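Notes follow the structure.
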Amino acid sequence: MMAQDHRGILLLAFGNGKLRRECRKASSFTNAIELAQRSPHAADVVIEAAHVARLERWLELPQTQVVSYFDASYPEALRYVSQPPLVLFCHGDVALLQCCAVAIVGSRNASPTGQHTADYFARGLASSQVVIISGLAMGIDAAAHRGALATGRTIAVLAGGPDVYYPARNRQLQQQIAQAGLLVSEFAPGVPSKRDHFIRRNRIIVALAQLVLVVEAKPRSGSLNTAKQALEQNRSLFAVPGSIWDQGMGGCLMLLQQGAGLAMSINDVRQELNLPSLPPSTSAEDEINSQPSLANTQLLANVGNEVTSIDTIVARSKLPVAIVSEQLVLLELEGRVTSVAGGYIKVGRR
């Protein structure tokens, strides 16, 4: 591909709404690039030599390609969203764009329980060849991606260029997804993440999925914007229930009150996707629960789903502090509790 073509690709990516509307009428990707280069609106787009050079360097990486609005591999549902991107910068397995997929979204400042729940749904669905989609943010997004990679495949839709690591703490995770899943962005290589990019990213997350699952969200959050997009795009919308006293679950409870599907298990989601339910006897959770425990599992009854201090656990169990501390360590190693600021919480296991 010539440097002139690279500049045309960037025009399609950077162009304003008028330019993109003109180019959507093109007969092919090549024709769209020609229209963009001739358009009077192209004069408003600043494309520096550094932008072209960065795109060229990115395209030299393995498994990188530009999927255009005119390609057969372009997701059909994405053509019907508001302002559909004319180009998608993809790093990884582009075939995943056509797979059955579930979007798992939620709070960046997620609780340990919320992250565990996202991991539970992602692992269980990905093991059945369902692709998990999320936005590579901290919290629920990252937990969903990691859970999916443990048993299957995942797509991360980015709010910046495909070569931009944001947040920086997810750099390694982003690299893993590029190798074993797919990174997708409507933003060209080198474009930094910006506040309004996250809202634009959400419409792509929804368009690539058949179902959107909100795991943990406050009443006012970006996750509820994704839920709104799901309703506008006629996607199935599910939410995980939570305590009425937990502000972090307020958004999920509100969605449930408004008619979202109730997700209490992987099978709730599988049934909505018309996939066969998993027999309880074959679930990964049953296999874990059947393993012998070295810890005093009766102590679990004294650990709540909310943060429970060691003093409270001691008072409830009437056991010495030393024994309680020892048993909590064993329970944590077995994945039955997790330590958090102020004490421990029970880790849900279905």
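Structure notes:
- Each peptide in 317-326, 239-248, 99-108, 144-153 was scored by the mean count of other Cβ atoms within 10 Å over its residues; highest first, the order is 99-108, 144-153, 239-248, 317-326.
- Helix-only CD estimate at 222 nm, as mean residue ellipticity for the chain, using -39500 (n - 2.57) per DSSP H run (n ≥ 4): -12000 deg cm²/dmol
- Of all DSSP beta bridges confined to the chain, the antiparallel ones make up roughly 40%.
- For the residues GLN65, GLN210, GLN298, a GNM of the chain with alpha-carbon springs under 10 Å puts the largest fluctuation on GLN298.
- GNM result for the chain, Cα springs below 10 Å: residue of PRO219, PRO85, PRO279 fluctuating most strongly: PRO279
- Taking Cα atoms only, the orientation of helix 195-207 departs from the longest principal axis of the chain by about 80 degrees.
- For the residue pairs LYS18/LYS228; LYS25/LYS228; LYS18/LYS218, the C-alpha atoms sit more than 31 angstrom apart in LYS18/LYS218.
Any read-out appearing in this document is the output of simple, stated calculations on the displayed coordinates, not a laboratory observation. Worth saying up front: this structure is predicted, and the values here are computed from it rather than measured. Note that each Cβ is placed from the backbone with ideal geometry, even for glycine, and that neighbours are counted across all protein chains shown.
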